[in-house]
Amino acid sequence: MKYISTRGGMAPLSFSDTILMGLAPDGGLALPESYPQVGRAQLDAWRDLSYAELAFEIIRLFATDIPQADLKAILDRTYTAEVYGSVAITPVKRLHDGLVILELSNGPTLAFKDMAMQFLGNLFEYVLAKKGEQLNIVGATSGDTGSAAEYAMRGKQGINVFMLSPDGLMSPFQRAQMYSLQDANIHNIAIKGMFDDCQDIVKAVQNDHAFKSQYKIGTVNSINWARVVAQVVYYFKGYFNATSSNDEQVSFCVPSGNFGNVCAGHIARQMGLPVQRLIVATNENDVLDEFFKTGRYQPRGTANTWVTSSPSMDISKASNFERFVFDLLGRDGAAVAALWAEVDAGRGFDLGDKLAQMREQFGFVSGKSSHADRLATIRTVDAEDQVVVDTHTADGIKVAREVRLPGETIVCLETALPAKFADTIREALNRDAPRPAGFEGLEDLPQKVTVFNADADAVKAYVRQALG
Ligand SMILES: Cc1ncc(COP(=O)(O)O)c(C=O)c1O
Ligand SMILES: N[C@@H](CCOP(=O)(O)O)C(=O)O
């Protein structure tokens, strides 16, 4: 399997080279030349596999340059009950009205990011050792990618992490999770701005080809194909867990910001997983909801991106959306490059003529949620089902209930645990969120962070100095 760029300007690359590359040299994102097709016989054979076995069956279709025994060993040591709290890895629970919650947040940092990031940490270690190389990651987070990456990469040989986060905008728990790490290979940089400013800096660093090659810069954001492919696995597992036969169809409702999670769902559907609809749920930052309702894609600047109580989705420029548009446009890289030139010029674009195709061929629908909706959903799920959900998962449940069709099975992706967003849970329920063992006193630990303006050159100077 070889990888190409969404902007059409990259010679095909192997899986291992793709995951070390980050952004493609033409500024696009990597995708496989085609999606492997999974038929009924394969689904039947996969239904009862363990999570690690299923991950192996799926990822080996994409990671064709890694010897199978090595890939299997990496996956066996990644998806364990010790790391994810149970042998099920991603159990499901059913709400009284039949909605299914797919638990993705039982990993070390209490968010769905651990599902792919733990794999990426082990994969980087393996690939770097084979190639005798090192990697310096410059990443961006709105709250959860950062801690998941730092926990997955801390102490790893040949890897340094420089993680940019929006200064003062993450929850106190999220800040403490990242900034309390004192490992020598972890560098936290708070940017005076929002997540989109951080991600713009990451892309500017990636697009400085001389700097990128001199300092061996890589990514852990969903820019990195390995993140997306590892997320494809839990759509298959969620489907098997939520159904009793491969004759059934399900829909997935996905709290969305950078579009990486639902992009993995789109790829699972393209591979042949029986997915009826992919429901994109946004918070008040509703650029994606606007797109799926009107076809108009108009990313907003920092001044028009709101600080909300589902802060990890405070994103107005969804990186992975480009991967979906590439498929929507029949994989025409030149057309994608032209659309993103419009985006870079601040004009956005209009694909209103493709609305029917988005719904019928690709199964996408969307909805949005507000602070009041979030609080109401947290309260009703607690009262009716005795389950406390986090603010982002609540956005998904709200939208799923709003758009659900008669008889439709909707799997709502749980993207974080409520302990990470304690203030809003207290506001909704008038009591504290349950806090998993091991996180007592987290916010009282000493913190280490450097603050910069949203300036790519300042970040590059910091990286240069830190690497000596
Ligand atoms: C808790 C939580 N929910 C939802 C999202 C949105 O996911 P995505 O950016 O993959 O769309 C994020 C951030 O990515 C998150 O951290
Ligand atoms: N919500 C994310 C934003 C970055 O998303 P990614 O999937 O591209 O890493 C976060 O928590 O940082």
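The values are calculated or read from the model by the stated rules, or taken from the named source; none is laboratory data. Worth saying up front: this structure is predicted, and the values here are computed from it rather than measured. Virtual Cβ from ideal backbone geometry, glycine too; neighbours counted across all protein chains shown. Ligands, DNA and RNA are excluded from the accessible area calculation, which covers all protein heavy atoms including side chains. Shrake-Rupley method; radii C 1.70, N 1.55, O 1.52, S 1.80 Å.
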How do T90, T64 rank by accessible surface area computed with a 1.4 Å probe, from largest to smallest?
T64, T90
At a Cα cut-off below 17 Å, give the aspartates and glutamates reachable from K216, other chains included and same-chain residues fewer than 8 away excluded.
D17, E125, E133, D208, D457
By average C-beta atoms within 10 angstrom, highest first, the peptides 122-131, 413-422:
413-422, 122-131
Straight-line reach check, K212, cutoff 18 Å on alpha carbons, 8 or more apart in-chain or any other chain, hits among lysines -> K131, K203, K460
Measuring with a 1.4 Å probe in the full set of protein chains, what accessible area per residue, in whole Å², belongs to the chain?
34 Å²
Label zone at Q465 (point 7 Å along Cα-to-Cβ), backbone N below 16 Å, region 152-190:
162-163, 187-190
Extending each Cα 7 Å along its Cβ direction at E402 and L442, get the distance between those two points in nm, one decimal.
2.9 nm
Whole percent per 5 Å bin, from 0 to the bin with the longest distance: what is P(r) over all C-alpha pairs of region 401-446?
5, 16, 17, 17, 15, 11, 9, 5, 3, 1, 0
State the percentage of accessible surface on the chain attributable to carbon and sulfur atoms; use a 1.4 Å probe and exclude ligands, DNA and RNA.
50 percent
Suppose we keep just the alpha-carbon trace of region 370-434; what are its Rg and Dmax in angstrom?
11.6, 36
Taking only the alpha carbons of the chain, the radius of gyration and the largest Cα-Cα distance, Dmax, both in angstrom, are 20.5, 61
Sorted by average packing, counted as other Cβ atoms within 10 angstrom per residue and highest first, what order do 361-367, 398-404 take?
398-404, 361-367
Which lysines, on any chain, are close to K93 with Cα under 25 Å apart, when same-chain ones fewer than 8 places away are left out?
K113, K237, K368, K398, K420
Highest first, please rank the peptides 346-357, 252-263, 436-447 by the mean number of other Cβ atoms sitting within 10 Å of their residues.
252-263, 346-357, 436-447
Count the DSSP beta bridges whose two residues both fall in the chain, then state the antiparallel fraction as a percent rounded to the nearest 5.
20 percent
Between rounded, prolate and oblate, where does region 353-468 land on the alpha carbon gyration tensor, with a ≥ b ≥ c its root eigenvalues, rounded for a/c under 1.5, else prolate if a/b exceeds b/c?
oblate
Roll a 1.4 Å probe over the protein heavy atoms and report the accessible area of T424 in Å², nearest 10.
20 Å²
